[in-house]
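Visitor: Handing you this structure, nothing more for now.
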Amino acid sequence: MSLRPVPGWQFVLADLSLILFLTTAAALSQEGDTGSGSAAGASPPSIPDAGMTALYVVQPGAPSFADWLNSAARDPRERLTISAQYIAGERAAQARDALELVALAERSGFAARLVLTPSMESRIAASFAFDSTDFHPDIAGGNTAGNDMVAR
């Protein structure tokens, strides 16, 4: 009966790999606690931006929302999203202001999606983006042959 020697370098390499993994995981978990270089107290905007082509933020000195809508190029593949973020106690006021923008958009011929979310600061923004799931080129062009999709 002969015993084969155990290849020691493989065990050492596995141990070192495990130590490296644990050290990296510990460092990354501590980095998440202290922040990753962002300004203290600043929260990143949570405005949907999938294929965003235009952004309007309600703020003093900005052009009117109606002027911004009128200057927008109309593309049936784009969707208008109005995002209202609110702090505690301002939900109703932000929702009311955002609904006024939705009504204005609808009077201008745009169907708008409204997103209302709690945040660290109150803000209302509108964006056009290529994130519409309702568009299909064959149906939009009038060709429904071979399509299982139903036009709405």
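The values are calculated or read from the model by the stated rules, or taken from the named source; none is laboratory data. Note that this is a predicted model, so its numbers are computed, not measured. Heads up, the Cβs are rebuilt from the backbone with ideal geometry, glycines too, and the neighbour counts pull from every protein chain shown.
Visitor: Going by the structure shown, is Val57 at pLDDT 60 or above and either farther than 20 Å from Val102 by Cβ or in contact with a helix residue (DSSP H, G or I) (Cβ under 9 Å, 6 or more places away or on another chain) (or both)?
Guide: no
Visitor: Now a separate question. Given the criteria assigned to a strand (DSSP E or B) and surrounded by 13 or more Cβ atoms within 10 Å (Cβ to Cβ), does Leu104 qualify? Before you say what the answer is, go through the steps one by one.
Guide: Details: assigned to a strand (DSSP E or B): no; surrounded by 13 or more Cβ atoms within 10 Å (Cβ to Cβ): yes.
No.
Visitor: Taking Glu121 as the residue in question, decide whether it is in a helix (DSSP H, G or I), modelled with pLDDT of 65 or more and not hydrophobic (A, V, I, L, M, F, W, C).
Guide: For Glu121, the condition - in a helix (DSSP H, G or I), modelled with pLDDT of 65 or more and not hydrophobic (A, V, I, L, M, F, W, C) - is not met.
Visitor: Going through region 76-100 one residue at a time, which ones are touching a residue at least 40 places away in the same chain (Cβ under 8 Å) and in a loop (DSSP other than H, G, I, E, B)?
Guide: Pro76, Arg77, Glu78
Visitor: Considering only residues that are modelled with pLDDT of 80 or more and of a type in the set (S, T, N, Q), which ones fall in region 21-54?
Guide: Scanning region 21-54 gives Thr23, Thr24, Thr53.
Visitor: Just the residues that are loosely packed, with under 15 Cβ neighbours inside 10 Å, touching a strand residue (DSSP E or B) at 6+ places or on another chain (Cβ under 9 Å) and farther than 21 Å from Met52 by Cα, please, taken from region 69-90.
Guide: Within region 69-90, Ile87, Ala88 meet the criteria.
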